[in-house]
Amino acid sequence: MRHHSWIPCLVVLGVGVAGCRREAEPKAVLKFAHSVTSGASKPLYDAACAEFEALHPGIKVKQIVLDGSTYEKQGLQSMLQGGDAPDVFFEWAGHRVASKVRDGYAADLTAALDKDGWREEFDENAWHATTVDGRNYMIPNTIMVTVMHWYNPKILAKHDLVVPRTYEGLLETLKKLKAAGETPMLCGNRELWPLGNWGAHLIQRVVGARLYDDVLSLRPGTSFVNPGFVKSLEMIQQWSKLGLFSENVMATSDIDAQLGFINGKGALYAMGNWVISNAKTDAPPGFEYDGFNLPPMKDGQGDQTSIMALNTGYMVSKTTKHFDLAIAFLRHMMSESVQERMVGAGAISTIKSVFDPEKIDPHLRRCWDAWKNAKTILAPPDTGYRIDVANRLYDAIALVADGKADPKTALTKAEEQVAPWRQAAAGAKDKR
């Protein structure tokens with residue numbers, strides 16, 4: 001329980017003291033919405049906001065913090081639609097940025113980036129999927145690798161196993177771990193996206209980025225029910241039948257799976273680079289881990305170096321009454337001082353002057369190397385595409401992984417649900 005120190009007001013008889021001095025009302029309150037609720041990054045966000053307040057007397061930064069799933073699915077949208085939108089809000093690049101612009105929620109930040117050469121401070125790769133019609137609507141904060149295969153080297157060494165170099169080798173390694181009584185891969189898929197993103201990366205490796213993008217973009221003439229997608233889900237079905245996923249995968253939350261991994265309860269855990277930040281605060285002393293990208297597979301039609309990753313960053317509400325203050329706040333958040341600390345917490349910063357791959361945390365270096373060496377950067381379904389379309393794919397992957405449906409049946413159900421949207425997309429194209 002958190003205890004608050006306080007000094008009571010004294011009402012002194014005969015002395016003209018009517019009460020305590022009230023703290024002065026702030027000149028302005030800047031509302032900042034994001035989803036950083038834990039890990040080494042959380043105290044850094046708190047510190048950065050406090051520093052900004054100290055640099056701007058009379059200004060209050062009000063953080064509005066929701067867990068990632070709530071923020072992504074309905075939290076942010078509700079705030080933007082509710083008439084009391086945050087001045088600054090976190091967002092994932094891609095379809096979500098474009099939709100905020102389309103729906104009139106996003107302020108144009110192009111002029112602000114052009115002022116005083118601010119734009120030149122960012123890595124040239126930072127702008128991917130953050131612009132619409134050549135205009136800037138997001139200040140890119142980090143490059144986020146969404147799927148890495150984190151592993152426990154002590155568990156592998158215990159069974160004389162090494163990091164697999166191929167997908168087929170990965171399967172054999174996990175089967176040996178299963179036979180030895182270990183949990184091969186921890187996964188908590190109650191929120192659907194953890195296994196959904198992992199499965200989507202597998203799909204791209206099988207079918208290629210073009211078909212992956214066409215199907216999820218609702219391109220007319222495409223369908224979830226195609227040989228490549230069916231084959232991909234058959235591979236996921238194989239994992240399920242071999243018992244390579246942890247038990248109760250659909251009833252377990254992602255955070256519980258992550259805590260299991262950093263406490264040595266399983267050999268592998270497939271998740272993004274934010275695991276690094278959480279491990280810094282939650283892992284027990286002496287915990288060791290490392291990571292690798294999904295290994296290449298035989299006969300895959302997709303780029304076998306691909307990585308699932310995206311840029312994240314901050315947007316400013318189009319309706320804000322504090323635009324200049326919001327820009328000042330973002331310039332502070334992207335300052336060398338703040339960004340150096342973010343890198344120390346496990347972030348791949350977009351600011352060129354603070355991110356030196358030779359000096360960063362070795363776990364973060366694994367993510368950086370996988371991203372740098374990838375010829376194809378793959379967008380996660382729930383950020384690169386319509387969330388309702390992504391959810392249908394996630395549902396199909398979950399049904400197969402849970403043994404509740406065969407691949408073709410699960411994909412057919414997904415296609416039946418998106419068919420009206422795909423038809424509408426075809427109609428819109430015809431009108432053009």
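The values are calculated or read from the model by the stated rules, or taken from the named source; none is laboratory data. These figures come from a predicted structure and were not determined experimentally. Here the Cβ is made from the backbone with ideal geometry for all residues, glycine too, and neighbour counts use every protein chain on show.
Overview of results
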quantity: Qualifying positions in the range 69-85 - touching a Ser or Thr at 6+ places or on another chain (Cβ under 8 Å) and modelled with pLDDT under 90; calculated: E72
quantity: Some residue of the range 366-377 being touching a residue at least 60 places away in the same chain (Cβ under 8 Å), touching a helix residue (DSSP H, G or I) at 6+ places or on another chain (Cβ under 9 Å) and closer than 30 Å to A424 by Cα; calculated: yes
quantity: Qualifying residue in the range 55-68 (condition: in a helix (DSSP H, G or I) and modelled with pLDDT of 95 or more); calculated: yes
quantity: Residue in the range 138-186 that is nearest to I351 (Cα to Cα), counting only those that are free of Cβ contacts under 8 Å to residues at least 40 places away in the same chain and among the small types (G, A, S); calculated: A157
quantity: Of residues in the range 120-159 being modelled with pLDDT under 95 and small (G, A, S), the one surrounded by the fewest Cβ atoms within 10 Å (Cβ to Cβ); calculated: A129
quantity: Test result for N189, polar (S, T, N, Q), touching a residue at least 24 places away in the same chain (Cβ under 8 Å) and not in a loop (DSSP other than H, G, I, E, B); calculated: no
quantity: Members of the range 206-258 that are small (G, A, S), outside any helix (DSSP H, G or I) and surrounded by fewer than 18 Cβ atoms within 10 Å (Cβ to Cβ); calculated: S217, G221, S223, G243, A251, S253
quantity: Complete set of residues in the range 165-209 that are under 16 Å from N248 (Cα atoms) and of a type in the set (D, E); calculated: E182, E191
quantity: Count of the range 348-407 residues which are among the polar types (S, T, N, Q), buried (at least 22 other Cβ atoms within 10 Å of the Cβ) and under 26 Å from L211 (Cα atoms); calculated: 1
quantity: The range 259-281 - residue that is at pLDDT 95 or above and surrounded by fewer than 18 Cβ atoms within 10 Å (Cβ to Cβ) and, of those, farthest from R341 (Cα to Cα); calculated: K265
quantity: Matching entry among A414, A426 (being out of contact with any Cys (no Cβ under 6 Å at 6 or more places or on another chain), modelled with pLDDT of 95 or more and either of a type in the set (D, E) or outside the structural domain of L44 (by TED's automatic domain parsing) (or both)); calculated: A414
quantity: Residue list for the range 389-406, filter: touching a Phe, Trp or Tyr at 6+ places or on another chain (Cβ under 9 Å) and of a type in the set (A, V, I, L, M); calculated: V389, A390, L393, A396, I397, A401
quantity: Residue match in the range 126-146 (condition: over 24 Å from E336 (Cα atoms), in a helix (DSSP H, G or I) and among the β-branched types (V, I, T)); calculated: no
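Okay, residues lined up against (1) in a loop (DSSP other than H, G, I, E, B); (2) touching a residue at least 12 places away in the same chain (Cβ under 8 Å); (3) farther than 23 Å from T281 by Cα; (4) not assigned by TED's automatic domain parsing to the domain that holds D213:
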| position | (1), (2), (3), (4) |
| --- | --- |
| A326 | no, yes, yes, yes |
| L330 | no, yes, yes, yes |
| V338 | no, yes, no, yes |
| R341 | no, yes, no, yes |
| A347 | yes, yes, no, yes |
| V354 | yes, yes, no, yes |
| I360 | yes, yes, no, yes |
